[in-house]
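For reference, the structure discussed in these notes is given below.
Read the figures in this text as sums done on the coordinates, not as results from a lab. All figures in this text were calculated on a predicted structure; none of them were measured in a lab. Don't worry about glycine lacking a Cβ; one is built from the backbone with ideal geometry, like all the others, and counts go over all protein chains shown.
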Amino acid sequence: MKLEESQLMKGILEGCVLAIIAVRETYGYEIISVLADYGFTDIQDGTLYPVLTRLEKKELIICRIGKSPYGPKRKYFNISEEGKKYLEQFKKTYLDITLRANSIILGDGGKYEKK
């Protein structure tokens, strides 16, 4: 049985995208390129743009239409003040969950022992 990576990715992709936007104003293709640089090579427009739409609806990012040096106008994204707060909370929650999950999945001899 093959593990569906998309189910695992779905939960953290918003946080990754928000963290990328937090660095500086950016646009969709650049976000996809950054994700690819970190090994997320299967993220396409059809995956990214719904995430951006959700982040914008939650008012975590701000979108503006601007000129592109390469042709048609494009959407540029910035993180909002609310987005900065959300990202900080996301980082704490993500770290807490992954530490606990790693203890179980990778096994650290924790509290659970076979009887």
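For segment 7-107, the dipole from Cβ point charges (+1 on Lys and Arg, -1 on Asp and Glu) about the Cα centre works out to 240 debye, to the nearest 20. GNM remark for the chain: springs join alpha carbons under 10 Å apart, and the peak mean-square fluctuation among GLY39, GLY28, GLY83 falls on GLY39. Taking 0.36 nm per residue of separation and subtracting the Cα-Cα distance, full extension of the segment from ALA101 to GLU30 would add 22.4 nm. Expressed as a fraction of 2.2 N^0.38 Å, the value expected for a compact globular protein of N residues, the C-alpha radius of gyration of segment 7-107 is 1.17. Taking the helices alone, the chain has a mean residue ellipticity at 222 nm of -18500 deg cm²/dmol, built from -39,500 (n - 2.57) per DSSP H run of at least 4 residues and averaged over all its residues. Relative to the longest principal axis of the Cα atoms of the chain, the long axis of helix 81-102 makes an angle of roughly 30 degrees.
The Cβ shell under 13 Å around GLU56 holds other residues with a net charge of +2, Lys and Arg each +1, Asp and Glu each -1.
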